[in-house]
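Coordinate-derived values only; no laboratory data. The structure presented is a predicted model; accordingly, all values stated were derived computationally and were not measured. Using ideal geometry, Cβ is built from the backbone for each residue, glycine included, and neighbour counts are taken over all protein chains shown.
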Amino acid sequence: MGKEITSREQDYSQWYNDLVIKGSLADYSAVRGCMVIKPYGFALWENMRDVLDKMFKDTGHQNAYFPLFVPKSLFEAEEKNAEGFAKECAVVTHYRLKADPNNKGKLMVDPEAKLEEELVVRPTSEAIIWSTYKGWIQSYRDLPLLINQWANVVRWEMRTRLFLRTAEFLWQEGHTAHATAIEAIAETKQMLDVYADFAENWMALPVIKGVKSANERFAGAEDTYCIEALMQDGKALQAGTSHFLGQNFAKAFDVKFSDKENKLDYVWATSWGVSTRLIGALVMAHSDDDGLILPPRIAPIQVVIVPIYKGDEQKGLIDEKVLAIVKNLKAMGISVKYDDSDNARPGWKFAEYELKGVPVRMAIGARDLQNNVVEIARRDTKEKQSVAMEGIEDYIKNLLEEIQLSMYNKAKQFRTDHMFSTDNWDEFLQLLDTKGGFVSAHWDGTAETEDKIKELSKATIRCIPLNNPQEPGKCILTGNPSTQRVLFARAY
RNA sequence: CGGGACGUAGCGCAGCCCGGUAGCGCACACGUCUGGGGGGCGUGGGGUCGCAAGUUCAAAUCUUGUCGUCCCGACCA
């Protein structure tokens with residue numbers, strides 16, 4: 001037998017780890033809390049990155065790159081931001097090693113090479129970027145400044161999980177500067193829409209757009225908008241955030257501009273980001289006990305072709321047909337892999353590509369050649385059927401689109417089935433314990449109540465949905481008056 | 001940082017209690033029969049048992065220390 005995957009029912013966490021590792025997305029590394037993203041996983045990330053990058057550019061943003069290190073004095077300039085991240089910063093204190101006189105062949109930190117000022121390894125780049133923006137912005141004519149960077153960041157997490165929370169992760173962070181609050185808020189919401197668009201239309205992942213409560217807000221932000229997704233175990237996952245930073249960073253870094261009337265004012269800021277965590281979301285939202293199920297629009301391999309043959313003569317005939325199909329599919333922009341490797345039997349390959357989540361598999365053997373058909377199997381439903389070889393390329397193209405849509409609908413249905421509403425505390429707890437999912441409930445709006453609810457139920461306010469209907473009610477915990485329901489869930 | 005496990009072949013593990021020739025499965029190489037759902041048979045290569053000290057005639061095994069990883073919790077994209 002080959003690679004065994006723990007079932008979701010048996011151990012959801014282990015199932016997730018199995019998929020990531022056995023699906024060749026990533027591996028543990030020699031560094032605590034850090035993972036190696038393997039070629040297949042990185043190809044997936046590249047696809048996601050390319051789509052997002054185009055979306056950013058289409059909305060007027062440019063890429064740039066800022067340093068990995070942030071001098072401590074800059075890092076601490078925006079107090080709330082610094083405070084929020086202080087507990088999880090890696091800090092560089094020295095710049096040299098030397099041979100250890102007491103331990104042959106070993107190195108030690110050279111105490112004489114202590115830095116005068118420590119360097120913080122960026123957990124996020126607001127500080128280094130805003131210290132730079134000070135020099136870039138003088139006039140309203142320099143605004144808006146719309147910058148994105150693709151980078152790695154480090155957050156020294158106590159407990160890590162592949163893709164969902166690693167000490168180092170890859171992400172993009174947009175940092176924009178605007179002349180007015182209205183414009184900055186519009187930018188914040190625009191990028192939230194971009195994220196939601198990407199999640200839903202490319203990742204087939206339905207998300208809820210909303211705004212965070214004060215407790216869950218990004219350190220240093222006035223408002224944090226987010227997209228929240230639901231995983232198959234009923235837990236929520238924050239899939240992306242977009243922050244309205246007000247003038248906090250402009251004030252901390254003294255970034256002012258002259259308006260048309262030559263009056264000086266601080267600029268208004270946003271920042272927004274999504275990370276490799278999205279890969280974790282993808283895995284947990286769609287996959288099954290046989291392995292990954294990747295949405296066609298971002299799958300590294302969309303179609304795999306497996307030949308079934310006896311002897312070189314049959315192989316030659318199959319090759320001839322397949323190579324023509326491969327050529328046509330590639331011309332249509334479909335990524336296809338013809339796996340004619342001789343070191344694995346067809347059955348092994350079937351299982352392997354199911355594990356890797358390849359959306360469509362085509363098998364072709366002597367029997368098919370005679371009948372002028374191929375066998376097409378779709379990963380999401382595992383349905384198989386014989387399809388005429390004539391026009392197979394169009395058939396596959398349509399099937400890929402159908403799978404994409406079908407995956408989205410399935411995830412959407414799951415979320416609909418796990419969306420609850422209650423006014424009763426006991427039922428609130430019972431829903432979280434038995435069904436999971438999002439529970440819509442009244443909340444009195446105070447941080448104290450939110451903390452208490454978290455303590456008692458392990459659920460947090462995921463968001464206050466955008467365009468949330470206003471309705472008077474009583475707080476689920478305290479019974480105090482409330483003006484609207486908010487979405488609670490247990491979350492990653 | 002608290003609690004719990006584990007470091008033995010590329011991977012997964014047994015052996016340790018009771019010290020004495022380092023083993024199994026998968027993977028890998030070669031041959032052969034195979035090939036429509038994780039193949040069969042045969043042959044073969046691969047290890048300073050995480051590291052360091054100690055006890056002993058003798059340590060994968062006992063003792064001490066150390067490093068690392070994973071899992072559960074608090075913190076968090």
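Can you tell me the equivalent ellipsoid semi-axes for segment A:246-402? Use √(5λ) from the Cα gyration tensor, largest first, whole Å.
50, 17, 13
Taking only the alpha carbons of segment A:419-489, we obtain Rg and Dmax values of 10.8, 29 Å in that order.
The residue list A:Y225, A:T276, A:W136 was ranked by how far each Cα lies along the charge dipole of chain A toward its positive end, using unit charges on Cβ atoms, and A:T276 comes out on top. Calculated from the alpha-carbon coordinates, segment A:330-376 shows an Rg and a Dmax of 11.9, 30 Å respectively.
Ordered by packing density, taken as the mean number of other Cβ atoms within 10 Å over each peptide's residues, highest first, how do A:340-348, A:202-210 rank?
Details: A:340-348: 10.8, A:202-210: 23.7.
Descending packing order for the listed peptides: A:202-210, A:340-348.
Angle of helix A:12-22 to the longest C-alpha principal axis of chain A, folded into 0 to 90 degrees and rounded to 10: 70°. The translational diffusion coefficient of segment A:286-369, from Stokes-Einstein at 4 °C and 1.567 mPa s with a Kirkwood hydrodynamic radius over alpha carbon pairs, comes to 97 µm²/s.
Taking Cβ atoms as reference points and 11 Å as the exclusive limit, the residues near A:I185 contribute a net charge of -3, counting Lys and Arg as +1 and Asp and Glu as -1. For segment A:95-154, a simple Cβ point-charge model (Lys and Arg +1, Asp and Glu -1, everything else neutral) yields a dipole of about 200 debye relative to the Cα centre. Considering every Cα-Cα pair within segment A:31-99, what fraction, in whole percent, is farther apart than 17 Å? Every Cα pair in segment A:31-99 considered, those over 17 Å come to 70 percent. For segment A:238-315, count all C-alpha to C-alpha pairs, find those more than 16 Å apart, and express that count as a whole percent of the total. Pairs farther apart than 16 Å: 73 percent. For segment A:1-75, the share of alpha carbon pairs falling in successive 10 Å distance bins from zero is 15, 26, 30, 21, 8, 0 percent. Near A:D11, within a Cβ-to-Cβ distance under 12 Å, what is the net charge of the other residues, with Lys and Arg +1 and Asp and Glu -1? Net local charge, A:D11 excluded: -3. Ranked from largest, the principal axis spans of the Cα set of segment A:189-326 equal 82, 39, 20 Å.
Under 20 Å of direct C-alpha separation, and excluding same-chain neighbours fewer than eight residues apart, A:K87 reaches these lysines: A:K72. Mind checking which lysines have their Cα closer than 25 Å to the Cα of A:K412? Skip sequence neighbours fewer than 8 apart in that chain. Filter leaves A:K189, A:K209, A:K212, A:K235, A:K356, A:K382, A:K384, A:K397, A:K435, A:K458. Under 18 Å of direct C-alpha separation, and excluding same-chain neighbours fewer than eight residues apart, A:K330 reaches these aspartates and glutamates: A:D319, A:E320, A:D339, A:D340, A:E390, A:E393, A:D394, A:E401.
Charge dipole (Cα centre; +1 on Lys/Arg Cβ, -1 on Asp/Glu Cβ; no other charges) of chain A amounts to roughly 640 debye.
Spread over its residues, the convex hull of the C-alpha atoms of chain A is 195 Å³ per residue. Round to the nearest 10 and give me the degree value, 0 to 90, for the angle of helix A:392-417's Cα axis relative to the longest principal axis of chain A. Helix A:392-417 sits at roughly 50 degrees to that axis.
Principal-axis analysis of the Cα atoms of chain A puts helix A:181-201 at an angle of about 20° to the longest axis. Neighbours of A:N215 by Cβ distance under 14 Å: Lys/Arg scored +1, Asp/Glu scored -1, total -1.
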